Each structure stands twice: as C-alpha cells, then as structure tokens.
Amino acid sequence: MIKNITILGPAYPFRGGMAAFNERMAYAFLSEGYQVKIENFKLQYPKFLFPGKTQYANWTAPENLNIESETNSVNPLNWIKIGNKIRRQKPDLLIIGYWLPFMAPCMGTIAKIVRKNKHTKIVSVLHNIIPHEKRLGDKMFSNYFVKQIDAFVSLSKSVLSDLEIFDKNKARAFSPHPLYDHYGKIIGKETAQDKLKIDKQYKYVLFFGLIRDYKGLDLLINAFTDKRFKEKNIKLIVAGEFYSNPESYYKLIEDNHLQDEIILHDRFIPDPEVANYFCAADIIAQPYKSATQSGVTQIGFHFEKPMLVTNVGGLSEIIPNNKAGYVVDTNSKDIADKLISFFDLNKHDAFVEFVKQEKKKYSWTNMTKTILDLYHKIDDKNE
C-alpha cells in the first residue's frame, strides 16, 4: 500500500514547465491523501548552460508543499548523498520527470542508489526522451537513465514509441498531459486586454512560451505577411523569453514591416500574468516544427481557447481538427489560411464549446491513477 511519495525534479523557486508540472502533480496526490515531498534542485543548470535571463520565479511560493532543495545536477558526490538520503527514507514511490538527457547522470544515479533499499518503486514521467535539440551523448545518457527505472508514464504516444529504442519490456502507459489549471480563473476578454494595454478593436492570435527555433515562430511571423491579417484587424501577440538568438526574429519582423501587426512581449511571463494573455486572445497558435506534447496546449484547454497546432509529434493527438481548432502543415501558407478561415467563418464559439467538453479528458486524476496502476504492476524483483 502506498503512503509516501517523493517527486524528484525542479520546483519552486525554479520556474518553468517542469516545476509547474511537479508542483501540480504533488497537489493532485496530496488531494488523494498521500504524503508527498518534492526533492528539488539547489542547482538545476550552471549559469553558463542556461539560455534565459534567470532560472528563478519572481512570485510567491506555492502553499502547503513540502519542498527540499538539495540536489545538484552536476556534482556526482551530491548525487550519492541525495540517493542515500532517499534510500534511507524509503518512500513507497519515487516519481522522476524526465525531459532532457543532461539530467540523466544525476537522476539515473540517484535512482540506482534508491533502488538498493529493495522497497521504493520508481516511475518516470517521460516528457521527452529524445530531445528536440540533439547533442552528442543524448542516446547514451537516456539509455543509462532508463536502466534505473521500474516503469514509465508517457505524456504522448510519440514519446511512448521513442521509449522502444531504449527498452521494450518494462511496464509503461500513456497518459496525456493533464491540464495546467493552476494559472487562475478565466477572466473576461476585455478585462484581460485592459491588463495587457492592447487595443480592443483588434482580434488576437497568441504565441506563448519560451522561444526556441523548433517552435516555429518564424513560420508564424511569415504567415502574418499575408495582407489579409491587416485588412481584417488581426494581430499577433508573442509572449515569451527567447531561448534562441532573437536577432533573426527581430529582422524577420522588420524586413516584412510587421512592427504594427506583431505585439512582442519578449520576456518570461510570470505565473500570475499567464491568464491575461490567454484570456485576451481569440486563438492560440503553436506552429512547432517538432514536438512531443506541450504544456501550452494544456493551458489553452484550461482557459477554453481554440488552438492551431502543426501536425508533428503528439500535438495532433490532442487537438481534434476542425473541432477544437486546426491541425495544419508546417508551412506559413497553411497556417495563414487556417487562421483567416477561423475568423472568416466565425469558428470561435463552436470550437470553444468542443474544448469545454474535451478538457474533461485531461484531469490530474487520470494521471495519478495511471501512475498508481503502474506501481502495482512493477515486479518487486526488478533490478
């Protein structure tokens, strides 16, 4: 019987999608009566490896979470220390989110040590196993990590398929990325637009989140060179911090004279401000060139927004085409045509009604049940 759960991975004061996921998962297990602790980092990325301005949140800590920040991602002596600490504590279940091979030596070593207590079972929630931006050693690192884990939950079917490269036998399950429902309640569009200080006479497409080249912002900017957007009073809001070189994007906007059509908020959007952006927009655009799944879609579902996604990775799994939004090809013309069609055909209300029903599939209860079911399938003799 499970009583104690430890989650290994980032949490407050670190910011970002992984921290948000771990905190929300902790709340889900707490609501079901389990004792939960997050074993957080004290050093997540060395400064010279981190592409953003800061790794840290500038808002208040989440309430009623037991977070211990002691793990150092690059210090092997620390990995041994943390591994032995969790081994001695003997949680019934250790959950490790995996999103980047860089973390494999740290998390894999900790898991390897913890398993020596012959009690704790280890489940990894796989966000990615093959990274979007590949580096030398990725496969070796992921292979090392996978060997230390008892069972896996994948957030997309594409990642579940990728797992086959590393392991074909251990217990596994697919459970779609649950809602990010901790960013506040839905507010009125005009109220949100007032908070962003944007003109209410326009319609708005939103690109949200950290800006990396694989996310296809360049495709969306090029789509907005279509004169129909200007004729129909449609603007693009880009809200997120650049984790890629911003100059090529600035130049693309300038060369195409789109300064008036694109509102650029190029900074990390703090959690308390997220609702303003989603509620101010008419539709969310994710023109990714590659993907597994995305937390942005789950924020979109929470705020009941239609979404346009490209037909890559797991994105098309969760946005039924022409029902919750559009699934498009990875080219600017198709993106432009579908966005214009959305406004011309007044699809907003019909899509929103479908989104309201579809979002029920992405409950945290489904995620916790999947993890707990896997726990009971794990062979106690796993090594």
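The table below gives the values:
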item: The stretch 98-110, residues that are within 19 Å of Arg212 (Cα to Cα) and surrounded by fewer than 22 Cβ atoms within 10 Å (Cβ to Cβ); result: Trp99, Leu100, Phe102
item: Qualifying position, being modelled with pLDDT of 95 or more, acidic (Asp, Glu), under 30 Å from Lys90 (Cα atoms) and surrounded by fewer than 20 Cβ atoms within 10 Å (Cβ to Cβ), among Glu190, Glu164; result: Glu164
item: Residue, nearest to the chain's Cα centre (by Cα), within the stretch 319-341, restricted to residues that are surrounded by 22 or more Cβ atoms within 10 Å (Cβ to Cβ) and under 21 Å from Cys279 (Cα atoms); result: Ile319
item: Among residues of the stretch 273-309, those that are more than 24 Å from Asn233 (Cα to Cα), among the hydroxyl-bearing types (Ser, Thr, Tyr) and buried (at least 22 other Cβ atoms within 10 Å of the Cβ), counted; result: 4
item: Considering residues of the stretch 1-27 that are part of a strand (DSSP E or B) and not hydroxyl-bearing (Ser, Thr, Tyr) only, the residue farthest from Leu93 (Cα to Cα); result: Phe14
item: Residue among Ile149, Ile113 that is crowded, with 18+ Cβ neighbours inside 10 Å, of a type in the set (Val, Ile, Thr), in the same structural domain as Phe21 (by TED's automatic domain parsing) and part of a helix (DSSP H, G or I); result: Ile113
item: Identity of the residue in the stretch 14-45, touching a strand residue (DSSP E or B) at 6+ places or on another chain (Cβ under 8 Å) and of a type in the set (Phe, Trp, Tyr), that ends up farthest from His127 (Cα to Cα); result: Tyr34
item: Residue list for the stretch 288-335, restricted to those being of a type in the set (Phe, Trp, Tyr) and touching a Gly at 6+ places or on another chain (Cβ under 6 Å); result: Tyr288
item: Residues within the stretch 311-340 that are acidic (Asp, Glu) and either under 18 Å from Ser175 (Cα atoms) or touching a Leu at 6+ places or on another chain (Cβ under 8 Å) (or both), tallied; result: 1
item: Residue satisfying all of: in the stretch 78-106; within 23 Å of Thr368 (Cβ to Cβ) and aromatic (Phe, Trp, Tyr); nearest to the chain's Cα centre (by Cα) among these; result: Trp99
item: Residue ranges of helices (runs of 4 or more DSSP H) in the stretch 272-383 with at least 1 members farther than 19 Å from His127 by Cβ and out of contact with any strand residue (DSSP E or B) (no Cβ under 9 Å at 6 or more places or on another chain); result: 274-280, 332-344, 348-358, 364-377
item: Within the stretch 72-97, considering residues that are assigned to a helix (DSSP H, G or I) and basic (Lys, Arg), the one surrounded by the fewest Cβ atoms within 10 Å (Cβ to Cβ); result: Arg88
item: Options His177, His182; residue that is of a type outside the set (Lys, Arg), surrounded by fewer than 18 Cβ atoms within 10 Å (Cβ to Cβ) and closer than 30 Å to Glu63 by Cβ; result: His182
item: So Gly9, is it modelled with pLDDT under 95 and within 17 Å of Ser124 (Cβ to Cβ); result: no
item: Residue among Asn64, Asn58 that is within 21 Å of Ile2 (Cβ to Cβ), outside any helix (DSSP H, G or I) and outside the structural domain of Tyr243 (by TED's automatic domain parsing); result: Asn64
item: Matching entry among Ala192, Ala151, Ala171 (being under 20 Å from Ile96 (Cβ atoms), over 22 Å from the mean Cα position of the chain (by Cα) and not β-branched (Val, Ile, Thr)); result: Ala171
item: The stretch 87-115 residues that are closer than 27 Å to Gln293 by Cβ, paired with ones that are among the aliphatic types (A, V, I, L, M) and part of a loop (DSSP other than H, G, I, E, B) (beta carbon under 6 Å, 6 or more apart); result: Leu93/Ile2
item: Members of the stretch 106-149 that are hydrophobic (A, V, I, L, M, F, W, C), in contact with a Leu (Cβ under 9 Å, 6 or more places away or on another chain) and modelled with pLDDT under 95; result: Ile129
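The values are calculated or read from the model by the stated rules, or taken from the named source; none is laboratory data. Just so it is clear, the structure is predicted and the values come from calculations on it, not from any experiment. Ideal geometry is used to build each Cβ from the backbone, glycine not excepted, and the neighbour counts take in all protein chains shown.
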